[in-house]
1. If you scan the stretch 124-139, which residues turn out to be on the phi < 0 side of the Ramachandran plot, surrounded by 10 or more Cβ atoms within 10 Å (Cβ to Cβ) and outside any strand (DSSP E or B)?
2. Taking the stated definitions as given, is LEU158 in contact (Cβ under 8 Å) with a residue 24 or more places away in the chain and either surrounded by 16 or more Cβ atoms within 10 Å (Cβ to Cβ) or not aliphatic (A, V, I, L, M) (or both)?
3. Which condition from (1) of a type in the set (A, V, I, L, M); (2) in the same structural domain as GLU160 (by TED's automatic domain parsing); (3) modelled with pLDDT of 95 or more is the one that ILE110 breaks?
4. Residue under question is THR130, and the condition is that it be touching a Lys or Arg at 6+ places or on another chain (Cβ under 6 Å) and over 30 Å from ALA39 (Cα atoms); does it hold?
5. Answer with yes or no whether GLY53 is outside the structural domain of GLN163 (by TED's automatic domain parsing), farther than 20 Å from ARG14 by Cα and of a type outside the set (A, V, I, L, M).
6. Taking the stated definitions as given, is LEU142 at pLDDT 95 or above, in contact with a Ser or Thr (Cβ under 7 Å, 6 or more places away or on another chain) and on the phi < 0 side of the Ramachandran plot?
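The values are calculated or read from the model by the stated rules, or taken from the named source; none is laboratory data. As the structure is a computational prediction, the values presented were derived from the model and not from experiment. Heads up, the Cβs are rebuilt from the backbone with ideal geometry, glycines too, and the neighbour counts pull from every protein chain shown.
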Amino acid sequence: MADDHDSSLTEGERFVLRLHPHWKTLLGPILILVLVAAAALALVILLPSSASGPVVRLVIGAVALVAVIIWFIVPLLRWRTTSYELTTRRLRLRSGIISRAGRDFPLIRISDVSFSHDLIDRILGCGKLTVESAGEHGQLILKDIPHVQRVQSTLFQLVEDEQARLSRDER
């Protein structure tokens, strides 16, 4: 659970859940990391001794490092800096490595919450969350949500609680 005293929260609002995309989103980048390391090692080992001077090894290492940064480090940082936050009043999406972007969906505008997952997602414990919202945004689809069934039921309950709170306040 996150700190309830976050200055970005409104009066009476509190955090309920904070998630990152499921770790399965890192499987591709991890595979690329292994392939780049194996290719660099194979090149260094298999190059003829006449062509494998320090400059060639340095070039191979530099190319491997750039590939690791582009195809592993950047996706890892993107995964780590993406968060889905549920509060008692809204669904908040935050992302960005250097610059940050955010999008908020007031719970009162959410009309339907559903989830789906295929066999692999079920095995890994993740899935797709679909949030229907009244207004210009329409449908929001969040992929690779960990514990998607629990998130869906929590979000559904929060929407009902917010609707009840607002109808009490109107009286």
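1. LEU124, ALA134, HIS137
2. So LEU158 passes the test.
3. Every condition holds for ILE110 apart from (3).
4. No, not satisfied.
5. Answer is yes for this residue.
6. No.
Okay, residues lined up against (1) in contact (Cβ under 8 Å) with a residue 40 or more places away in the chain; (2) of a type in the set (A, V, I, L, M):
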{"site": "LEU119", "(1), (2)": "no, yes"}
{"site": "CYS126", "(1), (2)": "yes, no"}
{"site": "GLY135", "(1), (2)": "no, no"}
{"site": "ARG150", "(1), (2)": "no, no"}
{"site": "GLU162", "(1), (2)": "yes, no"}
{"site": "ARG165", "(1), (2)": "no, no"}
